[in-house]
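Engineer: Quick one: the structure is below, questions incoming.
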Amino acid sequence: MTQNGDDATLVRRPGIPDLRTAPDGAEPAPPQDPQADQPLQELPQDRNQALLEAAKQVGALLKRKGHLFALAGSVAAYAHGGEKNLQHDVDFAIRPEDAEAVAATLHEAGLTVYTPPEDWLIKATCFGQPVDIIFELAHRPVGADMLERAEELSVDSVRMPVLAPTDLLWSLTAAFSEHHCDFGAALPIARALREKVDWERVRRECGDEPMPAAFFFLLERLNVI
């Protein structure tokens with residue numbers, strides 16, 4: 001997901017919860033380990049491992065508070081057996097009506113939480129890594145049915161709900177458009193998870209959109225599907 005920088009201004013827009021993450025002018029509290037009142041330890045230099053640590057931390061917080069959520073994006077693909085070649089952030093899917101409660105949970109744990117200009121997610125920072133809390137995937141609100149289909153998997157030793165492979169590939173494929181068509185990022189995920197995905201369902205839910213159709217053509221020519 002596109003990162004807008006940690007200096008984004010907290011704003012309130014119609015239809016988007018007022019996150020109330022910090023009093024005006026207040027500096028955000030430094031990230032804290034929710035299991036101990038001690039500063040977080042310095043992370044390893046490896047970016048993939050840093051993203052995994054952020055995913056584990058946020059996933060554990062959401063799970064402990066009983067939120068309905070699922071890990072998404074490249075870290076979800078890794079949890080399903082994909083390559084440990086993660087993208088530039090960690091993605092979690094939640095329902096739109098849960099955004100304010102989730103933001104409060106993360107803020108209470110000491111994470112920086114803010115509302116970017118995009119109206120389909122909120123953003124947080126954990127261990128210095130960007131975390132996207134998404135409540136709309138491929139222009140559709142995230143629903144309870146999708147989150148209830150999530151599979152509980154071990155993410156680098158921490159168990160949490162992870163988007164089902166079919167939902168994950170749909171979320172990547174249906175999002176392709178003339179302005180966003182990075183097939184190179186989605187191709188390794190499709191190849192790694194191809195035997196776990198209901199491709200007919202993904203194709204059906206993408207409809208006649210040209211960019212998803214082009215991606216399916218590529219997958220067929222490469223004998224991925």
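Coordinate-derived values only; no laboratory data. Computed from a predicted structure; not experimentally measured. Methodologically, a virtual Cβ is constructed for each residue, glycine included, from the backbone with ideal geometry; neighbour enumeration extends over all protein chains shown.
Engineer: Lys65: which lysines have alpha carbons under 26 Å from its alpha carbon, excluding same-chain residues fewer than 8 sequence positions away?
Structural biologist: List returned: Lys56, Lys123.
Engineer: What residues qualify as long-range amide H neighbours of Leu137, i.e. H under 5 Å apart, gap of 5 or more or another chain, H built at 1.01 Å from N?
Structural biologist: Val142
Engineer: Here's something else I'd like to know. Pull out a ≥ b ≥ c, the square roots of the eigenvalues of the alpha-carbon gyration tensor of the stretch 161-225, then state rounded if a/c is under 1.5, prolate if not and a/b is larger than b/c, and oblate in the remaining case. Before the final figure, lay out the partial values.
Structural biologist: Numbers: a/c = 1.38, a/b = 1.22, b/c = 1.13.
Rounded, because the longest to shortest axis ratio a/c is under 1.5.
Engineer: When DSSP assigns beta bridges and you keep just the ones with both residues in the stretch 48-155, what percent turn out antiparallel, to the nearest 5?
Structural biologist: Numbers: 15 of 19 bridges.
Counting DSSP beta bridges with both partners in the stretch 48-155, the antiparallel share is about 80 percent.
Engineer: If eta is 0.692 mPa s and T is 37 °C, what Stokes-Einstein diffusion coefficient results for the stretch 85-225, Kirkwood Rh from Cα pairs, in µm²/s? Display every interim value, and only then the final one.
Structural biologist: Numbers: Rh = 16.3 Å.
It diffuses with D of about 201 µm²/s by this estimate.
Engineer: List, in order, the whole-Hz ³J(HN,Hα) value for each residue of the stretch 54-67 obtained from phi through the Karplus relation with A = 6.51, B = -1.76, C = 1.60 and θ = phi - 60°; use x for Gly and Pro.
Structural biologist: Here the 3J(HN,Hα) series is 5, 4, 5, 5, 5, x, 5, 5, 5, 5, 4, 8, x, 6 Hz.
Engineer: Still on this model: Subtract the Cα-Cα distance of Asp182 and Asn85 from 0.36 nm times their separation in residues, and report this length gain in nm to one decimal.
Structural biologist: On the way: separation 97, 0.36 × 97 = 34.92 nm, distance 1.53 nm.
33.4 nm is the gain from fully extending Asp182 to Asn85.
Engineer: Here's a follow-up. 7 Å from Cα along Cα→Cβ at both Glu97 and Ala213: what's the point-to-point distance in nm?
Structural biologist: Roughly 3.7 nm, to one decimal.
Engineer: Below 8 Å, C-alpha to C-alpha, sequence gap of six or more: please give me the relative contact order for the stretch 119-184 in percent. Can you show the working numbers first?
Structural biologist: Details: 54 pairs, mean separation 13.8, N = 66.
Computed value for the stretch 119-184: 21 percent relative contact order.
Engineer: Give the span of the stretch 59-147's Cα atoms along each principal axis, as three whole-Å numbers ordered largest to smallest.
Structural biologist: Computed over the Cα atoms, the extents are 32, 30, 29 Å.
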